[in-house]
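Reviewing the structure listed below.
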Amino acid sequence: MSNINLINLVDHYEKENDNVQILGLLSLATVLKNKSSHNVKIIDFQHEYSLNKYTPQKDFQLEMEQLYSYVIDNKPNLVGFYTMCSNYHLCIPLAKLIKERNPDAIIVFGGPQATLTAKDSIRNIEWIDAIALGEGEDSIFEIVNTLLNNEDLSKVRGVVFKSNNSIIDTGMPKLIEDLDTLPLLDYSFIEMEKARIVNIDVGRGCPFNCTFCSTKSFWERNFRLKSANRIVEEIKNLKEQYNIQSFSLTHDLFTANKKKLLEFCDLLISQDVNISWSCSSRVDTLDEEMIKMMGLAGCKKMFLGIETGSARMQKLINKNLDLKKIIPTVKLLKENNIIYKLSFIYGFPEENRDDINMTLNLINELLNNILITFNTIQLHSFTFFPSTELTERHCNNLIFSDKVNATMLSDLKLPQEINDFIKNNKKIFPHFFHLKGDNQREYEGLDKFIPIVYLITQPKFKFTYKLLLNYYNNDLLKLFSDYKVEESSLLEKITYFQQDNLKNIINDSIESIKRFVEKRNFGAIDFVLKHIVKFEYDVTKFLLHSKEKEQLISYPIDVFTAVKNNTLEGINENITVKFNRTSEKNINVSKT
């Protein structure tokens, strides 16, 4: 009997101590347990971090030593790494450390990142013994036993390895056509006592062909769903065994098959399963009937990838959404009490300022229709991922980025040795590179300004922003560029995940808008704008922070009427405004 450790490293620093996510490793561990007598152990550092059992070190070498001590504790014969682009740069040095100190330990990489970069990884990372390709449930047992018994790996399908300085690729394993044949996951591998949300593997593959997405390469565009009966069975088992009430249905596009979706909803309703769940979708795979049924069946959250508000870019990236359907679809979700997260990307190759402004204008339109808040929008700068059409097309023109995209969420400062390795292996790490001659510097920070600063402050400074956008001719990029000049320190301070620091981020954003207007000269409207922003700031501060029952503040112009009527007409008189607290969360504002 051999000791096998399956590893999932931290790929972001957001504590989700109630969410069980590692479906891939759980599935492989279950298969190995069912088919062998090996001692299989899962070490999910993300889960350990969420449970406060593991604290990442800020020093890289200390972090590697800490990770090593966890992994090597039971003297594993084989260590398998589940790899993503966001943790690959950590998997590689940890694997090297394990191999240097334990030469007999077998190192296997699997998961999307290793699969999509398999030959380049095996060629350049000599301490990896093998890479397990694609879906591993049908191949993992044979791969593991062959390696442990030191037998001929070339006879096993679904693996890449090096033999006598030659790279051997035995081909991708066959995709599992009937996902219902997979064994029910054995959750005894992880601590479930505090689990409140569990990810459920409901299907694999996406039928669409977006040029920026690596999903189609990993799953070969082979779209499969588990049957409604199987999904409901898994949900009911987890509910009965662990009292789980909330589920995240893991699939890039759960709503692609309307018939199967409605069958799933019908089963949940008819069997009175009574759970809440979330999923991912596209606006062109949803209609009113589906959304209503999903709401009735307990769907509470949905992720929608919009990507761009430019019709031209929708075609160029092969997303091909009808932009006219976005607002009506989002309204339907809101009417059916389904919370949505809308994802946007800027900085695509061939994208220009007008395209980006169209995306920002769409976000603004959603905001003005009261369809979004700052926590319902994601805006990311474009990232080159392995084996995507865009990466293959532009690979020769990519240059190393000294500032890693927000997608790379590790706070560790990488040593020069790792940075050099990344620089020399562009095909393995395209997400650390950007396109030569693009506008990366000009737009740096936009992914923080719009979804955080702007969406937090716009509802509180509505008239201020109306005047600002009139001044900038409705060009949010120009507004952002000037804001960044004055408030770059705040943008640098904001981190990608900030739930632990959310209150400070809100306060800092409010302060920053007032400072920005005070610092710059806005020509003919400068005097008025500075007093408008002060009034809206005073209202916000009194509402959120003042402990006084009443406050009087004087202004040289009638800011009260200007904001109330949304106009600058007839505001020349001096006024005093009375702020009166009517309840803990409400105030009354009036002229005296």
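Exactly one residue out of LYS484, LYS448, LYS427 is of a type in the set (Lys, Arg) and either surrounded by fewer than 18 Cβ atoms within 10 Å (Cβ to Cβ) or farther than 24 Å from ARG353 by Cα (or both), and it is LYS427. In this structure, does ILE587 turn out to be part of a strand (DSSP E or B), assigned by TED's automatic domain parsing to the domain that holds ILE494, more than 14 Å from LEU467 (Cα to Cα) and aliphatic (A, V, I, L, M)? For ILE587, the condition - part of a strand (DSSP E or B), assigned by TED's automatic domain parsing to the domain that holds ILE494, more than 14 Å from LEU467 (Cα to Cα) and aliphatic (A, V, I, L, M) - is met.
Taking every residue in region 239-268 that is under 29 Å from MET192 (Cβ atoms) and surrounded by fewer than 16 Cβ atoms within 10 Å (Cβ to Cβ) and pairing it with any residue that is at pLDDT below 95 and among the aliphatic types (A, V, I, L, M), at least 6 positions away or on another chain, the pairs with Cβ-Cβ distances below 8 Å are TYR242/MET192; TYR242/ALA195; TYR242/VAL198. Counting just the residues of region 497-533 that are modelled with pLDDT under 95 and β-branched (Val, Ile, Thr), which one comes out farthest from TYR465 (Cα to Cα)? By that ranking, first place goes to ILE505. The set of residues in region 540-584 that are in a loop (DSSP other than H, G, I, E, B) and touching a residue at least 40 places away in the same chain (Cβ under 8 Å) comprises ASN566, LEU568, ILE571.
Among the residues making up region 300-352, those that are within 27 Å of THR391 (Cβ to Cβ) and hydroxyl-bearing (Ser, Thr, Tyr) are THR308, SER310, SER343, TYR346. For region 43-90, which positions are buried (at least 20 other Cβ atoms within 10 Å of the Cβ), part of a helix (DSSP H, G or I) and of a type in the set (S, T, N, Q)? Matches in region 43-90: GLN46, SER50.
Among all positions in region 91-110, there is no residue which is more than 22 Å from VAL10 (Cα to Cα) and in contact (Cβ under 8 Å) with a residue 40 or more places away in the chain. At least 1 residues being over 15 Å from VAL330 (Cβ atoms) and at pLDDT below 95 is the threshold, and among the strands (runs of 3 or more DSSP E) wholly inside region 234-317 those reaching it are 246-250.
Within region 459-476, the set of residues being under 28 Å from the mean Cα position of the chain (by Cα) and surrounded by fewer than 21 Cβ atoms within 10 Å (Cβ to Cβ) comprises PRO459, LYS460, ASP475. Out of the residues in region 357-374 that are among the polar types (S, T, N, Q) and either over 20 Å from TYR472 (Cβ atoms) or free of Cβ contacts under 8 Å to residues at least 12 places away in the same chain (or both), which is surrounded by the most Cβ atoms within 10 Å (Cβ to Cβ)? For region 357-374, the residue satisfying everything is THR373. Can you name every residue in region 473-520 that is farther than 20 Å from LYS534 by Cα and not in a helix (DSSP H, G or I)? Passing the criteria: ASN473, ASN474, ASP475, ILE494, THR495, TYR496, PHE497, GLN498. For region 328-349, filtered to residues that are within 22 Å of the chain's Cα centre (by Cα) and assigned to a loop (DSSP other than H, G, I, E, B), the residue that is surrounded by the fewest Cβ atoms within 10 Å (Cβ to Cβ) is PRO349.
The values are calculated or read from the model by the stated rules, or taken from the named source; none is laboratory data. None of the values given here were measured: they were computed from a predicted structure. FYI the Cβ positions are ideal-geometry reconstructions off the backbone, even for glycines, and counts take in every protein chain you see.
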